[in-house]
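Colleague: The structure's right below; bear with me while I get my questions together.
FYI, it's all coordinate maths here, none of it is from the lab. Fair warning: this is a prediction, and the values are worked out from it, not measured in the lab. Positions of Cβ are backbone-derived with ideal geometry, glycine not excepted, and every protein chain shown enters the neighbour counts.
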Amino acid sequence: MADDNRSEPRLLSISEAASYLGCGQANVYGLIRSGELPYVRVGRRKGYRIDREDIDRFISDRKQQVRNAAPQVRPALRFALKHIRRS
């Protein structure tokens with residue numbers, strides 16, 4: 001692989017993945033439990049490791065595109081007043 005010479009590790013711990021994503025460790029565990037973020041189980045005590053490429057794919061799959069169209073203006077909600085009769 002071309003990326004083997006990088007100084008950054010390919011597999012990240014939960015805390016490293018949380019830092020990379022800019023969220024808490026509980027969010028990373030939640031993404032793992034929901035199946036949204038693949039993981040590698042390393043040994044019995046080392047726990048989960050997450051591939052940096054999987055995190056990058058997770059981010060790119062969830063990017064939102066900004067539309068250049070004018071924002072839609074929604075009409076204000078008007079509730080019918082029970083004490084006023086409309087004819």
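Colleague: Could you work out the relative contact order of the range 8-61, using alpha carbon pairs under 8 angstrom and six or more residues apart, expressed as a whole percent? Can you show the working numbers first?
Modeller: Values: 57 pairs, mean separation 20.6, N = 54.
Value for the range 8-61: 38 percent.
Colleague: I'd like the Karplus ³J(HN,Hα) series for the range 47-56: coefficients 6.51, -1.76, 1.60, θ = phi - 60°, whole numbers in Hz, and an x wherever there's a Gly or Pro.
Modeller: Each residue of the range 47-56 in turn: x, 8, 10, 10, 5, 4, 5, 5, 5, 4 Hz.
Colleague: May I pose another question? With θ taken as phi - 60° and the coefficients 6.51, -1.76 and 1.60, list the Karplus ³J(HN,Hα) couplings across the range 27-35 in order, rounded to whole Hz; mark glycine and proline as x.
Modeller: 5, 5, 4, x, 5, 5, 4, 7, x
Colleague: Got a sec? How would Arg41, Arg52, Arg10 order by Cβ neighbour count within 10 Å, fewest to most?
Modeller: On the way: Arg41 9, Arg52 17, Arg10 14.
Exposure proxy ranking, most exposed first: Arg41, Arg10, Arg52.
Colleague: Let me ask something else. Give the order of Glu53, Glu16 when sorted by the count of other beta carbons within 10 angstrom, beginning with the fewest.
Modeller: Ascending Cβ contact count within 10 Å gives the list Glu53, Glu16.
Colleague: Mind listing the long-range amide H neighbours of Leu12? Cut-off is under 5 Å, sequence gap 5 or more, other chains count too, H placed in the peptide plane at 1.01 Å from N.
Modeller: Ile50, Asp51, Arg52
Colleague: Okay, next question. Sorting Val40, Val28 on the 10 Å Cβ count, fewest up front, what's the list? List each step's numbers first, then the result.
Modeller: Details: Val40 13, Val28 25.
Sorted ascending by nearby Cβ count, the order is Val40, Val28.
Colleague: Still on this structure, please answer the following. From the Cα gyration tensor of the range 8-61, with a ≥ b ≥ c the square roots of its eigenvalues, which class applies: rounded if a/c is under 1.5, or else prolate if a/b is larger than b/c, or else oblate? Mind showing how you got there, number by number?
Modeller: On the way: a/c = 1.41, a/b = 1.25, b/c = 1.13.
Here the range 8-61 falls in the rounded category.
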